[in-house]
Every structure is written in structure tokens, then in C-alpha cells.
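Heads up: the structure comes next, in C-alpha cells.
The values are calculated or read from the model by the stated rules, or taken from the named source; none is laboratory data. All values derive from a computational prediction rather than experimental measurement. Because the Cβ atoms are built from the backbone with ideal geometry, glycine has one as well, and the counts that use them run over all protein chains shown. Heavy atoms of the whole protein, side chains included, go into the accessibility calculation; ligands, DNA and RNA do not. Shrake-Rupley method; radii C 1.70, N 1.55, O 1.52, S 1.80 Å.
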Amino acid sequence: MPEYNSAVLHELLDGCLRKNRRSQELLYKQFYGYAMSICLRYTRSREEAKEILNDGFLKVFTKLDSFDSDRSFKTWLSRIMINTALDHYRQEVRRDVFDDVEMAEQVSVDETVISKIAHEELVGLIQKLTPSYRIVFSLSVIDGYTHEEIADQLNISVGASKSNLSRAREKLREMLSKISIDNYDRVTR
Amino acid sequence: MIELPDDELDKLFRKSSEELDPQFDPEDWNSLKKRLDETDGKTPAAWFRKWWPLGLLLLMIPGGIASYYLFGNEEKNQVNEQIQLVPGSKVTENKSAAQEQTNAKIIEKIDKEALTNAAQEKENTEPSISPRSEKDTRTPESSLKSDLKAVSSKSSKTLPRSLSKAGGVYLEPNRSKREGGDGALSLNADEKVHKNDPNGTSASELGARQAIGSNGVTPNRTEMGGNADATNMSPVNVQQNEVISADDQLDRMQITVSNLGNKQINWANRIDYPVIAVTEAEPDANQEKSKESIEISNAKWAVRFGYSPDLSTVGMKDFTKPGTAVSLLVEYSIVPRLFVQTGAVWSSKGYYGDGKSYKLPLMQDPHYYGPDVKSVDGFCKVLEIPLNLRYDVLQIARSSIFAGGGFSSYHMNKEKYKYSFENEMDPKIKMRSWNGKTGWYWFSHLNVSAGYEYKISQKLSLLAEPYLRVPLKRVGYGKVNLFTTGMWLSLRYTPAFR
């Protein structure tokens, strides 16, 4: 996504501060893709991601006066989206919602096949992880949080965070292998 | 199983996550917009949740004032009635026909009460004295007979004069010794019972009232055969106080004050008192007030100050955040119920419309090669001069329902237009906004309204008036058909000119 012109962004943010619906719509459209990509990797479906996205944007529009305009809006936005996703995750943990993923067959596949897998499919694999694996993997690998920070955020031990990350990787490898085999079969057929 | 090292695996997923760019779904925005509308109080339910305390307060203020005036006036009326009972007071000198009738009614009412009180008097003479507040369940007829029996009975026990009336004990000072009384000056039966009048009417006062007569007009003193005061205060003829039957006494007791007023009485030893000239009563506060109310009811001028939320829109859709409007209007009644109305209205209007709703000079320029304006956010401050007619469709006591219509002229001040384009990054975009003012647009709008007026006092009233401004011509830099709606909450003042 191209970096948004700072003058236009400032004007949009001004409009949003005045609760101008048109400015809000434009800002939403402008950062929809960026924010949605964050939400998708913290959730198991697009519907769930949309819920977090709108929760996050509602916070953006209602708390915009607390945004420091000298800092990056994208960083602030991503932080809000991640926090909203974590809130959502905590609620899920309380409801004890977990599901397991089938073990993939242990097959060795050529890496060129992997490179042909679309981004959506790869993010889809993250979505298939159990919530605790998914959250730790996203926070650690994609958003660059340390295990200490993750442990603090999720109220778990550092060891549990490391263990979840390790298992998440294992699961992803399994799923990746399965996809690769399917794709390989499709190509060779 | 794929043998990817951790860092390779991480890189793969990191890259995919960063490069993923999900397509915008308008449905997602619509659902967020609904939530924002609710948060900002733009939906009816949210608006109600946000403003109901203020609405309740606005209803309570006129309600409280109305109840104050309603019940306050009732108490005042009661006090006035009591004042009218006092003979010789200035109020009773009022010779208006209506008041004469009222006086006659009041006197007859007192006569009836007197009969009832006579019955109560009997109870006072009983050894076991019941409190005065105790409810008497007897009929006036039965109680009167029993009272008369008590009066004629020699064994009736009369309390000494020195005892106080407090505690429900009532003296019988106006009965001759032959009747069983203490030989004091006696008035007739009606006067006697009036001693117990809760209004505190004294015997002398009653005498004066009798002099007024049933129709409230003071009878000719020569017809009365002497001075009215002398009539009332003269000693009782002993021969008339002979022991008589209960039925005769009942007939006598049923002679009302009004009847006595028309009788000529001949006195043996008449004392001629000088005739007192009754002077015209000075105008009292009530009369002043009634005069003033007549003046107000006939008042032709009124001033009103109003506030309204201003909901402006292009084509009655896409309402934005409401602006505000205040008004100062003068009304003149040209015929009863019909007013002509003018003044000034100051408003701030925000509106939004797609590019086609506007006739922007930018887009009209044949040398413009930039992208089409997708939508425009407009804002302006308007001075409006309305010229309306108001007709009171229904007038009930303190309330009236009215309808109005007319024309408005707009003076467009501080106009701001902000353009939105399909691609905000398009380098061909030359102009993104316009600020300025375009001045007068005479008779640019048609006004329609209807409302409810509630009088909180003689001079002040509250009004609620929903209205609509329909464009007759395009206004402003954007040449836009600007609809406006809202509801005036006004305070109307009716000065009384003398």
C-alpha cells in the first residue's frame, strides 16, 4: 500500500476529529487493507476479522484526539488493531474455545511449489491454528514482540510463549506440506 | 513434511502477511457507519437515549409552571370568594351583572349552610360535645327539626358566655331568656347560624349583607323603612319570641337572607340614621388584572425567540451532524387568529451530497480536465429573513395549535466546500476546496410549519414547531438545492400596550 500523502492524511484526520462521516469513510477505505491484514492473522475467519476491524476503527474514531500527530498513524492504527484482537482472544480463552488441526502427512515437497502458494492461503494457514498458537505466532513472528512482552500481554509464562511458538511452527509446517502436496498434484496432473 | 528452518518459515509468513491487501468491502463500512451513528446519537433510538433527560426536563418545566398556575389560581379564587362574603368590602360594591349573580348564589349558599349549621349548634348544646370536625351524617331537614326541639326545650343546657369557642363549643348569646338564652341582643335565625360561619362572618357583617339583598344590589333605604343597620341591630320583639310549634319554627328558619332583602320592615321606634353615601369602589388589583388580560387577549404584537437543531441536506438524504439555528421573530395579528411574522434567523448548516447534486463553477469550466468531483462536503452560515403567515387552527384555554407558511430569503455567509475525488492522489486535481460567501438569494425557500403553543402566563408562552424549508432556487457557490428541517423551541412574549 502506498504511503498516504501526509497533507491529505492530516486533512482526513481533521475531518474525523469533527466527526465528519465523509472523512471517516475515506480514512476507513484508505487503511482498510492494512488493518484487515492485521486482523485476519489474529482471527480464524474473515467475519471475525471484520468484527475486530470495526471495533478497532470505532476506537480510532472515538479516541482520535489522543493520537499524537507527530507519530506514524499506521503504527498507532496497527497497535489499536492488535490490542483489539488480543481483547477478542482473551474473551475467547474465557469461553474456552479451542479446536485442533488435523496432522498433515509427513511428505517432503519442493520449495518452488511453496512459493506458488498465494498470500491468502498462507494467512489462511495461520487462521487455522488454535487461538493460543495463532496469537503467539502472529505477535512474535509477524509483529515482532518478544516472548517477555507476549507473556505479559497474554498473562502466560515466557516458557509457555516459547512452547506455543514452537508448536505453531510445527503445525504450520504440517499444513504447508499438505497444501504443497495438493498443489504439486494439481500441477503434475 | 517440509523441512523449512524456523527463520525461513517465519520469513515466508511475514512476507505473506505484509503483502496481503484485502479488497475493500462496502458492507464493512456500512456496518461501522451504523455503529458510529449510534455512538454519535444520529439514529432515532440513539438520539432518544442521548436527549431523553433534556426532553423530560423541557416537559417538566411547563408542566410545573402550569400546575403552579392552575392550583395557585384555585387557591386565589377561594380567597377572593371569602373576600366577597365580607359586606362593605370594595369587591361587593362591584356592580357588574356577573358578580351580582355570583353574590346572590353565594348568599343563598350561605343560607343553606346556615340551616345545616343550626343543626350543628344543637350538638354543641349536648352534654357530650363532639369535635367540630366530626362529620355530620344527618340531612339538613332532620337535623333542623331536632335543633328546633332542642331550642324549644327548657332543659337545654347553655354554656356560659365566658367560655371560649375553641374546642368546638359554641355560645348561644342571641336568644332571649324566654327562649332559654341569656337575654342578649338577638339577631334572627339566619344571623345566629352565621355566627358559626367558618368564614368568620360576624353578625354585623351579615346585617350588611342582608342590606345588599339577594341580587347583590343594595335596596332603597327608604323602602326598608329606615336604616339597614338599625334593622339588624334592633332588639328582638319579645312577642315574636313566644314558644311556637316546631313546624312553624321550621318555616321561619327557612326564610333566607335573600327573601328578607325584599321585605319591608316597619319599626315602631325607628331611629333615623344619616344616609351613608356609597362611593364608587376604587379599582382593585383583580380588576386591573382582568383589564390587562383583556388587553393581552386583544394584543396584536408578539415577539418570539427560538432555538432549533438545523438538519440541512441536499435532496433530503445523507443527513450530516445537525447545525444550530436561533431566531428572533416579530408577529402581528392582522385578523383574529392570523398573524404575519418576520424577523431574522441565524443558522449554521452542514450538508453533504454527491458531485452531481452541485453545480460547481469548477465543473462548469469548459477548460477543466481534472477528475470529476465524487462528493462535496458543504458548510455555511446563513442569515435568513422569513416572511410567514401563521394561523391558529385550534385554541383551547392555554393551548393552541397552529400552522404556518411563507418564504425565506437566504444570505449565504462563510461558505466552505470540500471536494472528494475517486482517487485522492490524482495529480490532475487542481482544487480541493472553496471558501467564501455569495450573499443574498431572495425568496429562495418555501417555509412550511405546524406547531403547538402553551401559555405559561398571560404574557409568556412556549412553542414547539417542526418546520421544513423547501428550496425554490439553488443557493451558494455550489448552486445547491438545500433542504432544511428542524423543530423550533420558542419562547413567545406578548407585550400589553396601553
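Which entries in the list B:Lys356/B:Lys416; B:Lys317/B:Lys381; A:Lys59/B:Lys356; B:Lys359/B:Lys414; A:Lys50/B:Lys428 go over 27 Å, if you measure between the two C-alpha atoms of each? Please list the in-between numbers first.
Values: B:Lys356/B:Lys416 17 Å; B:Lys317/B:Lys381 20 Å; A:Lys59/B:Lys356 33 Å; B:Lys359/B:Lys414 18 Å; A:Lys50/B:Lys428 34 Å.
A:Lys59/B:Lys356; A:Lys50/B:Lys428, as the Cα separations exceed 27 Å there.
Full extension of the chain between B:Met60 and B:Lys317 yields a length gain of 89.2 nm, computed as 0.36 nm times the residue separation minus the alpha carbon distance.
Per residue, the range A:6-95 exposes an accessible area of 43 Å² to a 1.4 Å probe, with every protein chain left in place. The distance between label points at A:Ser166 and A:Val8 comes to 4.8 nm (points 7 Å beyond Cα on the Cα→Cβ vector). Computed from label points 7 Å out along Cα-Cβ, the spacing between B:Glu38 and B:Arg337 is 4.8 nm. The orientation-averaged projected area of the convex hull spanned by the Cα atoms of the range B:304-390 comes to 7.5 nm². Calculated on the Cα set of the range B:424-484, radius of gyration then Dmax: 19.9, 66 Å. Grab the beta carbon distance between B:Ser31 and A:Thr62, set R0 = 22 Å, and tell me the FRET efficiency rounded to 0.05. Computed FRET efficiency for B:Ser31 and A:Thr62 comes out at 0.85.
Mind checking the range B:400-498 for GluC sites (Glu not before Pro) that DSSP puts in a loop (not H, G, I, E or B) and that have at most 11 other Cβ atoms within 10 Å?
Details: sites: B:Glu415, B:Glu422, B:Glu424, B:Glu453; in loops: B:Glu422, B:Glu424.
Loop-located and lightly packed - B:Glu422.
Multiply the residue gap between B:Val470 and B:Arg398 by 0.36 nm, knock off their C-alpha separation, and tell me the result in nm, one decimal place.
Details: separation 72, 0.36 × 72 = 25.92 nm, distance 3.15 nm.
Value of the extension gain: 22.8 nm.
Put simply, chains A and B cover up around 4500 Å² of each other's accessible surface, both sides summed, when a 1.4 Å probe is used. When peptides A:50-60, B:457-467, A:33-43, A:149-159 are sorted by average Cβ neighbour count within 10 Å, with the highest value leading, the order is A:33-43, A:50-60, B:457-467, A:149-159. Shielding value for B:409-421 is 1, the average number of Cβ atoms from other chains within 10 Å of each residue's Cβ.
Per-residue Cβ counts within 10 Å, from other chains only, averaged over A:162-172: what number is that?
Values: counts 0, 0, 0, 2, 1, 0, 2, 6, 2, 0, 6.
Taking the mean over all residues of the peptide, I get 2.
Using θ = phi - 60° in the Karplus curve 6.51 cos²θ - 1.76 cosθ + 1.60, the 3J(HN,Hα) couplings for the range B:392-403 round to 7, 6, 9, 10, 10, 6, 8, 10, 8, 10, 9, 10 Hz; x is entered for Gly and Pro.
Full extension of the chain between B:Ala344 and B:Tyr307 yields a length gain of 12.1 nm, computed as 0.36 nm times the residue separation minus the alpha carbon distance.
Note on B:Phe443/A:Asn83: beta-carbon distance plugged into 1/(1 + (r/R0)^6) with R0 of 41 Å gives a FRET efficiency of 0.15. Amide H to amide H, with H built 1.01 Å from N, B:Ala450 comes under 5 Å of B:Gly404, counting only residues 5 or more places away or on other chains. Using R0 = 60 Å, the C-beta based FRET efficiency linking A:Asn155 and B:Lys359 works out to 0.50.
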